[in-house]
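Engineer: Let me begin by handing over the structure; questions about it come next.
The values are calculated or read from the model by the stated rules, or taken from the named source; none is laboratory data. Remember, it's a predicted structure, so these values are computed and weren't measured experimentally. With ideal geometry, Cβ positions are generated from the backbone for all residues, glycine too; neighbour counts draw on all protein chains shown. Heads up: the accessible areas ignore ligands, DNA and RNA and are worked out on the full protein's heavy atoms, side chains in. Shrake-Rupley method; radii C 1.70, N 1.55, O 1.52, S 1.80 Å.
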Amino acid sequence: MNGEFVAHALAGAASIAAVAAIHAPLAYAAWRLAGNWFGARSPAERARDAFLAACVIWHCEVLLLGVAGALGWLGVSLLHYMLLAAILLIERRMHTVVSPRSVLDGAAAADKGGDVRAIAWSAVGAALFLAAGLALYRIAALPDPYDSLTYHLMLPARWLDAGRLEAVSTIFGDIAPTYTPAAVEEFFFGLMLPLGFDGLARIGQLPFLLAGAALVAALARGETADAAPAARARGIAAAAMYLFLPELLVQGTGSMVDVAAAAYFLGALHRLLRWRRSRAPRDAIFAGALAGLVAASRFTGPVYLLGLVPFLCARPNRDWLRGIACFLGALAVTGAYPYVRNWLWTGNPLYPLEIELGGRTLFDGLFDSGALSASRYHIAGVHTALQFLTSAWGYTGIAAAATGAVLPFLTFGKLSPSRFAAPALLLFALHFFVVPYNANMRFLFPCWALAVLALVAIPALERARPGVFLAIAAAFALEAILRLAGEFRAMSPAPAAANVSLAACALVAAGTAAGWRAAKLGARGRRTIATLAAAAALLGVAGAQAWRETHPREIDGRDLRFRGYAAAWAAVRGFPDRSRIAYAGANLPYPLRGGARRHDVFTVPLDGAEVRRLPHEQERGSDLAASAASVELAIERARPDRVRWLERVALARVDYLALYLPSSRRSRLPEEEWVERDPRRFERVAIDLPAEGPRLIIYRVRLDAAPENAAGGKR
């Protein structure tokens, strides 16, 4: 076991080094853009803006290479170096070359003294330590979220294998993810290049979590680089309130997409406010590009972008019209692809949802809004909505949001609302009255950020002493630590609340001490500490991933939904490399890839059609589409044909057949009946499975063997 662990750890370290080597030109190009083009004035601002600029550039590169079918490490590397060369050439012509070292040294010269500055560094240290601890714990001990195993991780893995952008069919449940916008998954793909190592992608939202907190702090304190102590304290309090929302903190160390979408939203908002003052086209372009990434992150993205509309409103003039044109143009460039793709494929940009207006069908789909409202993810009624919101935000969070976003409107002018209050209420109303899947409180992360900003901008608080804001930050951090264990309640065995709280307190204390010490150092000392900390964190990721690779059954089995599948998922890791595995019964393809084995995983339609056929291709000629009232459709399941299915299994060169048997299934899978009738050609792999509950049965396919029942025929 020790030798296997070391081998996995070394492979992980090599993969992380490869990721860093491939993306180093992009990181350096984005760093120069942030400082020389976007006007970042401090290392923290420059790092934040460089990260957002890199995300925009990476999205454009992935679209270009993915559509061209050159989405591999070689094409990515060439494009990175071409981009860097172009930026350096333009800078030389514009005579705007700035050394990164000079920025750090200049910031260090201006960053001397002041208890609030030291407290700010301590807050940064506490956030980094706590986030890093949660991230390593997630890799080493927590099962991946269901949606990640369905498509958040499966999409980038598929692109890595195919070398181009492809959709992953999710026909064994909600089929909408098949057509989902996937800008955040593109970021995960970049973390998997070139070897398929998924340790970094598993915690891929971590940089977005930190960037979002930094943006909230910047929005709260204003744009002054040398802000007054009260403004800095206000920024610390806002960032702490945003960061220490337990659901956001835990999800921000995982491989979902909502924290990333919130960071893109906040980046667009921050740059829009700067554009309102500068009227510079580059600010409008950057804001529009980030807004486009919000739209390209999930189907609900365009709805939440309405929260930016109030910040676009101004007295019309030539500069305003030019800025709006730049904003909308950049938004279209970065946000239009998934909707244009769906329209070209299906004739409907929001497929599979049928779009109606005034009783007329504008775009045909597989189901209408009524099917979404009938889902268990839709809630109706004020009482139920408050229950869900209380579970997600806590009583303190609801009180804080209501004080900032609602109370000023109820005081009849005695307490003027901030500019963030109305957009926060708008997003809240859109979530509960427009978005069908409104039981997902994670969609409200941008609304939470706006509510926090509205609270700290209340005039009575805005003029408060720094100690008031620091007390607010400490109170939210303490409540988050106490509530943190609740985020792991679905695990079995769940970590003890006392252990989680003690570990979180230890991380926060260590981070606070490290940040306070860093505040007393010069630029060189900070660079040394940052370099050593980054190296230690990356080595920690390699070690945590190695532990996961050597204990897969134990970790995956902690989620009660996966307990019956964990043994089979672990067995798949022992199959020959690059095996071809067909699956049915549940939308859980990613664990069947076998980690570093990188098996090819796909479905074989029951009617014998081509593998990886998408639902809109199956819909044509089907009589199910017209009467569909559910988001869970499997059109080809209505026409099972055993003979054609066997032919397709042979043509697809299937090595193994994996059948998910959920406990909630209403009937047996046709494949289950067919393979039981033909044990010579479908040999069951010996796996220790539970006697009842959900199970995953795997068969070794031997179609060259004589069939048990040659008569076959249609079922």
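Engineer: Does Asp319 fit the bill of being more than 20 Å from Val435 (Cα to Cα), within 26 Å of the chain's Cα centre (by Cα) and assigned to a helix (DSSP H, G or I)?
Structural biologist: No: the conditions fail for Asp319.
Engineer: Can you name every one of the helices (runs of 4 or more DSSP H) wholly within the range 337-419 that holds 1 or more residues which are closer than 30 Å to Ala460 by Cα and touching a residue at least 40 places away in the same chain (Cβ under 8 Å)?
Structural biologist: 382-405
Engineer: I need the full set of residues from the range 535-568 which are of a type in the set (Lys, Arg) and open to solvent by 30 Å² or more (accessible area, probe 1.4 Å), in order please.
Structural biologist: Arg553, Arg558, Arg561, Arg563 - these are the residues of the range 535-568 that are of a type in the set (Lys, Arg) and open to solvent by 30 Å² or more (accessible area, probe 1.4 Å).
Engineer: May I pose another question? Read through the list (1) closer than 21 Å to Gly235 by Cβ; (2) open to solvent by less than 50 Å² (accessible area, probe 1.4 Å), then give the number of the only condition that Pro417 fails.
Structural biologist: (2)
Engineer: Pick out the one residue from Arg322, Arg274, Arg279, Arg315 that is on the phi > 0 side of the Ramachandran plot, of a type in the set (D, E, K, R) and open to solvent by 10 Å² or more (accessible area, probe 1.4 Å).
Structural biologist: When all the criteria are applied, what remains is Arg279.
Engineer: Still on this structure: Among the residues of the range 285-306, are any open to solvent by less than 10 Å² (accessible area, probe 1.4 Å), polar (S, T, N, Q) and over 23 Å from Val452 (Cβ atoms)?
Structural biologist: no
Engineer: Six or more apart or on different chains, Cβ under 9 Å: which pairs go from a residue in the range 425-443 that's touching a residue at least 24 places away in the same chain (Cβ under 8 Å) to one that's of a type in the set (D, E, K, R) and part of a helix (DSSP H, G or I)? Could you list them?
Structural biologist: Asn440/Asp258; Met441/Glu247; Arg442/Glu247; Arg442/Asp258; Phe443/Asp258
Engineer: Would you check which residues across the range 342-353 are open to solvent by 50 Å² or more (accessible area, probe 1.4 Å) and either modelled with pLDDT of 95 or more or more than 17 Å from Thr300 (Cβ to Cβ) (or both) and list them?
Structural biologist: Trp343, Leu344, Trp345
Engineer: Continuing with the same structure: In contact (Cβ under 8 Å) with a residue 24 or more places away in the chain, more than 24 Å from Leu461 (Cβ to Cβ) and in a helix (DSSP H, G or I): is that true of Thr334 in this structure?
Structural biologist: yes
Engineer: Quick check: is even one residue across the range 135-144 open to solvent by 30 Å² or more (accessible area, probe 1.4 Å), basic (Lys, Arg), assigned to a helix (DSSP H, G or I) and on the phi < 0 side of the Ramachandran plot?
Structural biologist: No, the range 135-144 contains no residue that is open to solvent by 30 Å² or more (accessible area, probe 1.4 Å), basic (Lys, Arg), assigned to a helix (DSSP H, G or I) and on the phi < 0 side of the Ramachandran plot.
Engineer: Working only within the range 420-440, note down all residues that are open to solvent by less than 10 Å² (accessible area, probe 1.4 Å) and within 19 Å of Ser375 (Cα to Cα).
Structural biologist: Selection gives His431, Val435, Asn438.
Engineer: Still on this structure: For residues in the range 63-88 being out of contact with any Leu (no Cβ under 7 Å at 6 or more places or on another chain), closer than 16 Å to Met192 by Cβ and part of a helix (DSSP H, G or I), which is least open to solvent (accessible area, probe 1.4 Å)?
Structural biologist: Step by step, filter the range 63-88, then rank; the result is Ser77.
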